[in-house]
Amino acid sequence: MQRIQSIDILKLFAMFLVIWGHCVQFMLTSNHLDEPAFVYIYSFHMPLFLMVSGLFAHRAVTSARECGSWLLVKARQLLLPCIAWGLLMSFGNLLLPLINGTHPDKSLLSTLWTNFWFLKSLFICFCLWYASLALLRKPWLAALVSILISQCIVAQEVQWSYPSFVTGVLIGAHLDDLRRYRKPVALAALLIGGLLLLGWNKSYFLIPSVYTWQFSTPADCILNIVMRLYRYAVNISLSLGFLALFLNLDSLNTQPSTSLNTQHSTLNYLSSLGQLTLGIYIIHSLIIMVRERLCPTLLCCDSLNPWLFNIVVAPLVAAMLLLVSIGITRLIMRLPHLSFFFLGTPWPKRQSASTGK
């Protein structure tokens, strides 16, 4: 399928927000839920990724056979890197205690289960959507039923991931209309999302799972439902707003003026970086994990003014970490066989000696 340049740039922007949030989370010893940058970034940045991931899912397959092939591709892209990096991380978990004379604190299974939760959550979202669509046929019915089912899947944050993913699937069926009306949609969605944020706080990250309802009063259950709906409304409105906003970038490349050549080159370059987001996500997470294990006091910013840290220091560190992760990802991609296991890229085809192809 043809790539949409603005979507790739949007993915790069969302990945920067992911790294910014992680910097706020891991560069302080205090509770990250008390930091304003973390609370507001996490109101939409992962839902935005999930919405973009679901955007083309409705066009991916037209038969059960194609569905199976597509899911195998997704398993390679999303699960294989988790396994490959998990094995490497488990080796480090065994080696480091031997050096320090302590006992390993994580087993292989624990590492494989907890590392890179977003990739595993996204794979479950794909599986749940295709299974629901295959059984129920009608997209709107499959969306409704599968969202209800997802609320019972607490593993890998699926209960929070799936509604945004399905919203992306449904939007993808009308993507041409969204591109046509991108400006009013962006304005309306961001305005609604901004107004909803007036009531946003850390309590919406601490909503109990549905399995606690059996011990709750009817009033508590209703409150739980209302809080869930509010969180989904914030997630989806802001994600849709940024999606429609970034779609405006596509109009820049349709203008023939030669004075825009530099601008077009910049957009093309940013788009190429946006295609590396899986590797960036993995690499920056590993860098943060290594820092936490080996030198947790490095870049600890407890003594800084909170606003200075949230608005200036954390995004600057995030930008540097983004650049480093891009560089390492590109180095890995130069080794096709290594890239297959650690980045989920296709297995390199053997070149013909006679044709060079």
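The values are calculated or read from the model by the stated rules, or taken from the named source; none is laboratory data. All of these numbers come straight from a predicted model, not from anything done at the bench. When we count neighbours, we look across all protein chains shown, and the Cβ atoms used for this are built from the backbone with ideal geometry, even at glycine. Keep in mind that these areas ignore ligands, DNA and RNA; they rest on the heavy atoms of the full protein, side chains included. Shrake-Rupley method; radii C 1.70, N 1.55, O 1.52, S 1.80 Å.
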Separation of the F91 and W213 label points, Cα + 7 Å toward Cβ, nm = 4.6
Starting at the first residue of segment 289-294, write each ³J(HN,Hα) from the Karplus equation 6.51 cos²θ - 1.76 cosθ + 1.60 with θ = phi - 60°, in whole Hz, x for Gly and Pro.
-> 5, 4, 4, 4, 7, 8
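Please state the shape class of the chain: rounded when a/c is under 1.5, otherwise prolate if a/b exceeds b/c and oblate if not, all from the C-alpha gyration tensor. It would help to have the intermediate numbers written out before the result.
Values: a/c = 1.18, a/b = 1.01, b/c = 1.17.
Since a/c stays below 1.5, the shape of the chain is classed as rounded.
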Put +1 on the Cβ of each Lys and Arg and -1 on the Cβ of each Asp and Glu in segment 115-267; which of Y230, W117, A189 then has its Cα farthest toward the positive end of the dipole?
-> A189
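Express in nm, to one decimal, how much length is gained between D250 and Q275 on full extension, taking 0.36 nm for each residue of separation and deducting their alpha carbon distance.
Values: separation 25, 0.36 × 25 = 9.00 nm, distance 1.62 nm.
Once the chain is fully extended between D250 and Q275, it gains 7.4 nm.
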Between W307 and V226, what is the spin-label point distance in nm, taking each point 7 Å from the Cα along the Cα→C-beta axis?
-> 3.2
Net charge of neighbours whose Cβ lies under 15 Å from the Cβ of F123, counting Lys and Arg as +1 and Asp and Glu as -1 = +2
Anyone know which of L316, L308, L187 comes out most mobile in the 10 Å Cα GNM of the chain?
-> L308
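Given a 1.4 Å probe, how much area per residue of the chain is accessible, in Å²? Could you put the intermediate results ahead of the total?
On the way: 18760 Å² over 357 residues.
Each residue of the chain exposes 53 Å² on average to a 1.4 Å probe.
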Can you tell me how much longer the chain between M320 and A131 gets when fully stretched, taken as 0.36 nm per residue apart minus their C-alpha distance, in nm with one decimal?
-> 64.0 nm
For segment 142-215: rounded, prolate or oblate by the Cα gyration tensor [a/c cutoff 1.5] = oblate
Cβ crowding within 10 Å averaged over residues, with 196-208, 36-48 ranked highest first | 36-48, 196-208
Counting pairs on different chains as well as pairs 8 or more places apart, how many Lys pairs in the chain have Cα atoms under 20 Å apart?
-> 7
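Which percent of the accessible heavy-atom area of the chain goes to carbon and sulfur, probe 1.4 angstrom?
On the way: 13020 of 18760 Å².
Here it works out to 69 percent.
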Over the chain: helical MRE at 222 nm, DSSP H runs n ≥ 4 each giving -39500 (n - 2.57), nearest 500 = -21500 deg cm²/dmol
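Whenever you get a sec, line up I124, I19 from highest to lowest accessible area (probe 1.4 Å, protein heavy atoms). The partial results should precede the final answer.
Working: I124 50, I19 0 Å².
Reading off the accessible areas and sorting them downward yields I124, I19.
How large is the dipole of the chain about the Cα centre if only Lys and Arg carry +1 and Asp and Glu carry -1, each at its Cβ, rounded to the nearest 20 debye? Walk me through the numbers before you get to the answer.
On the way: 24 positive and 12 negative charges, 238 e Å.
Using only the charged Cβ atoms, the result is roughly 1140 debye.
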Go through T329, A155, S107 and say which Cα lies farthest out towards the positive end of the charge dipole of the chain; charges sit on Cβ, +1 for Lys and Arg, -1 for Asp and Glu.
-> T329
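If the only charges are +1 at each Lys and Arg Cβ and -1 at each Asp and Glu Cβ, what is the size of the charge dipole of segment 149-260 around the Cα centre, to the nearest 20 debye?
Values: 7 positive and 5 negative charges, 37 e Å.
Using only the charged Cβ atoms, the result is roughly 180 debye.
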Tell me the label-point distance for the pair D176, L299, using the 7 Å Cα-to-Cβ offset, in nm and rounded to one decimal.
-> 4.6
